[in-house]
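Worksheet: one structure, shown below.
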Ligand code: 13P
């Protein structure tokens, strides 16, 4: 696949008014989400839930791509249609999470490194045959007492870059995701500092591994105070600090930037994205969303594992998709949130 083809897919992922729905929870993560609604995680409950998300009417208006998990990309609807086909028919690109999770980093207590490079080329070829057009790899950076270390940042940047290069070789657009977690008690300023250092080491590694910047999408955290921090920043402050950090550390050549929600409430994640896109300055890249929890949470709660609630849950998903679609254009308001929900 040519650079132009990769670029076309990458740009389509961040087209105006559209963003990504992440439904690629690993087995331990989906188990945790299902525990929240008192549901056992089995192959069938996972399939039923993903079918609800994938077949949700109207998603194609606001969703450019959905990120699937290895099990999900092979699953089919109740009628027997493969999930990737259902997405493609709605004009939604199927994507695939290809990392194999964050493991403890040797010699670095409290820090993690994401694994999954072994056999990746062959897996990418297989995923392409299953219909995937883009991929995702997530690295996790924890803020704490004297961490992250240089060793952790570099240990995570290198495989992210090698993954991205392999994706481009196999004709898949890499979503490069270094996530600085928001679970601690750190200030927004500390998050700024660590996010900037993380992004700089990632883009340095991408350069060394000869990754074509025009053919990738960055997925990153917002610059935000830790959940346990007593002083939470305002929406305007998060928008200001996040865009300033990105301007300083991210080349303007990349196709776009999408944010993860990371534990923010659904409405706050939308408000933050909207505030960035409503700023008077024009950003060098489209700023959009690739939310998991912030798009799914209301729908998951309404569904609760009961088939009778599927339609209602899909309405809630559509609502969040629409609100975030508007936020990519800077056209979301609290009043609209209530009006659309009514
Ligand atoms: P959250 O939006 O729930 O953080 O999930 C996004 C994601 O895909 C993290 O890798």
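Read the figures in this text as sums done on the coordinates, not as results from a lab. Please read these numbers as outputs of a predicted model, since none were measured by experiment. Please note: Cβ atoms are built from the backbone with ideal geometry, for glycine as well, and neighbour counts cover all protein chains shown.
Below is a table of values for the structure above.
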read-out	value
Residues in region 33-51 that a label on residue 130 would reach, taking backbone N under 17 Å of a point 7 Å out along Cα→Cβ	43-51
Exposure proxy ranking, count of Cβ atoms within 10 Å, fewest first, for 112, 315, 338, 136	338, 315, 112, 136
Calculated FRET value between residue 61 and residue 169, using beta carbons and R₀ = 30 Å, to 0.05	0.35
Separation in nanometres of the label points that stand 7 Å from Cα toward Cβ, at residue 342 and residue 311	2.3
Segment residue 253-residue 193, extension gain: residue separation times 0.36 nm, minus the distance between their alpha carbons	19.3 nm
Alpha-carbon Debye profile of region 1-49, log10 I(q)/I(0) at 0.22 Å⁻¹	-0.75
Two-site FRET efficiency, residue 40 against residue 108, from Cβ-Cβ distance with R₀ of 35 Å, rounded to 0.05	0.50
Relative contact order computed over the chain (Cα-Cα under 8 Å; 6+ residues apart), in percent	19
Region 50-98: radius of gyration and largest Cα-Cα distance (Dmax), Å	9.8, 27
Spherically averaged projected area in nm², based on the convex hull that wraps the Cα atoms of region 226-317	7.5
Percent RCO, i.e. relative contact order, over region 36-129, from Cα pairs under 8 Å lying at least 6 residues apart	21
Percent of C-alpha pairs per 5 Å bin, region 133-204, short to long	3, 17, 27, 20, 15, 9, 5, 2, 0
Mean Cβ neighbour count within 10 Å, used as a protection proxy, ranking 31-44, 216-229 highest first	216-229, 31-44
Cα-based convex hull volume of the chain per residue, rounded to whole Å³	129
Considering only the chain, percent of DSSP beta bridges that pair antiparallel, nearest 5	15
Mean residue ellipticity (222 nm) of the chain, computed from DSSP H runs ≥ 4 via -39,500 (n - 2.57), nearest 500	-14500 deg cm²/dmol
log₁₀ of I(q)/I(0) at q = 0.11, 0.13 Å⁻¹ - region 278-340, Debye sum with one point per alpha carbon	-0.32, -0.43
Peptides 164-170, 97-103 ordered by average Cβ neighbours within 10 Å, highest first	164-170, 97-103
Estimated inter-spin distance, residue 5 and residue 228, nm [label 7 Å along Cα→Cβ]	4.9
Hull volume in cubic angstrom per residue (convex hull over the Cα atoms of region 110-159)	78
Region 280-321 residues near the modelled residue 244 label - backbone nitrogen below 16 Å, point 7 Å along Cα→Cβ	280-281
Along principal axes, Cα extents of region 67-166, largest first, whole Å	52, 24, 20
P(r), alpha carbons of region 161-318 - 10 Å bins starting at zero, rounded %	11, 35, 31, 19, 4, 0
